[in-house]
Amino acid sequence: MILVYNCVSEPEAAKRYKKNLLKKMDTNKEIIFTTPGNVETDIAGKDFTHLVISGSAASAIDNNSWDGELSSVIDDFFEDDKAILGICYGHQFLAAWFIGKSCLFTMNEPEYGWNPVEIEPNPLFEGVSSGIFCHIHSDSVSKLPDRCKLIAESSTGIQGFQYESRNVFGVQFHPDYNYEEAKEVFERRSLTTPSIKEAYKNKIPGENTEKDGARILNNFVNN
């Protein structure tokens, strides 16, 4: 059973994220979504094997109301040697869970659009061909926790890590968005943050880009 901790705070956006993620995950495992403040009710009596921590418009550098709750969820999964995948905000939060928020920083220029990522050979990236992924972030991870290894990087810095050889991963980019979904997010956020349009880049080489995101998600949930 898979638990998705959905950090997308705006209700309608959270619903869209859930719908889009379910379309990408090709698995026989049951998928349960929870949102901040609802974990205790949503996970009661359930035996989970995988945890996915989503992105968020919130900053992992800030002290958010759900920090304690999400940390406790990670505690339980990690101590029981269960699989964890943090995406964007989730990647940053997971790194900070290991060594504190001092490993996070706000970038001089936000990264929005589709940019290349250099990936290392890793089961998480099996079958990935393009290496071009969606980016929607202005914060980043500056250093890796001890016993974590770099599995992806780009010109902007750390893009992915794994804890030892366990199924515990963080990825800064978004394997959970395809082109149309990401375009909607960019357009919506640019209404309140005009600088997004200036930062936006699009280096998509072809249709494999969108398939690669789904491959990563399914490599994780089916391992």
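The values are calculated or read from the model by the stated rules, or taken from the named source; none is laboratory data. Quantities reported herein were computed from a predicted structural model and do not represent experimental measurements. Note: ideal-geometry Cβ built from the backbone for every residue, glycine included; neighbour counts use all protein chains shown.
Just a few scattered comments:
- Checking Arg215 against (1) among the basic types (Lys, Arg); (2) over 12 Å from Leu124 (Cβ atoms); (3) outside any strand (DSSP E or B), the condition it does not meet: (2)
- Residue in region 145-153 that is within 16 Å of Ile87 (Cβ to Cβ) and either of a type in the set (Ser, Thr, Tyr) or in contact with a Ser or Thr (Cβ under 8 Å, 6 or more places away or on another chain) (or both) present: no
- Filtered residues of region 173-188 (kept if of a type in the set (Ser, Thr, Tyr) and surrounded by 23 or more Cβ atoms within 10 Å (Cβ to Cβ)): Tyr177
Residue by residue, here is whether (1) of a type in the set (S, T, N, Q); (2) at pLDDT 95 or above; (3) closer than 22 Å to Tyr112 by Cβ; (4) touching a Lys or Arg at 6+ places or on another chain (Cβ under 8 Å) holds:
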residue: Thr34; (1), (2), (3), (4): yes, yes, no, no
residue: Glu40; (1), (2), (3), (4): no, no, no, no
residue: Phe48; (1), (2), (3), (4): no, yes, no, yes
residue: Ile53; (1), (2), (3), (4): no, yes, yes, no
residue: Ser59; (1), (2), (3), (4): yes, yes, yes, no
residue: Asn63; (1), (2), (3), (4): yes, yes, no, no
residue: Asp67; (1), (2), (3), (4): no, yes, no, no
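- Residue in region 93-105 that is crowded, with 18+ Cβ neighbours inside 10 Å, closer than 26 Å to Tyr17 by Cα, of a type in the set (Phe, Trp, Tyr) and free of Cβ contacts under 8 Å to residues at least 40 places away in the same chain present: yes
- Single unsatisfied condition, Trp114 versus (1) closer than 22 Å to Cys103 by Cβ; (2) in a strand (DSSP E or B): (1)
- Condition broken by Gly86, with the remaining ones in (1) surrounded by 21 or more Cβ atoms within 10 Å (Cβ to Cβ); (2) modelled with pLDDT under 95; (3) not aromatic (Phe, Trp, Tyr) satisfied: (2)
- Annotation note: of Ile43, Ile84, Ile61, the sole residue that is touching a residue at least 60 places away in the same chain (Cβ under 8 Å) and touching a Ser or Thr at 6+ places or on another chain (Cβ under 7 Å) is Ile61.
- Candidate set from region 25-61 (those that are among the polar types (S, T, N, Q), within 22 Å of Ile216 (Cβ to Cβ) and out of contact with any Cys (no Cβ under 8 Å at 6 or more places or on another chain)); member that is surrounded by the most Cβ atoms within 10 Å (Cβ to Cβ): Thr34
- Across region 175-195, the number of residues qualifying as modelled with pLDDT of 80 or more and assigned to a loop (DSSP other than H, G, I, E, B) comes to 4.
- Cβ pairs under 8 Å, 6+ apart, first in region 65-81 and under 22 Å from Ser9 (Cα atoms), second among the small types (Gly, Ala, Ser) and modelled with pLDDT of 95 or more: none
- The condition of being over 16 Å from Pro116 (Cβ atoms), in contact (Cβ under 8 Å) with a residue 12 or more places away in the chain and touching a helix residue (DSSP H, G or I) at 6+ places or on another chain (Cβ under 7 Å) holds for only one of Asp139, Asp146, that being Asp139.
- Among the criteria (1) under 15 Å from the mean Cα position of the chain (by Cα); (2) surrounded by fewer than 16 Cβ atoms within 10 Å (Cβ to Cβ); (3) not small (Gly, Ala, Ser), the one Glu109 does not fulfil is (1).
- Condition check for Asp80: closer than 22 Å to Thr193 by Cβ, at pLDDT 95 or above and out of contact with any Phe, Trp or Tyr (no Cβ under 7 Å at 6 or more places or on another chain): no
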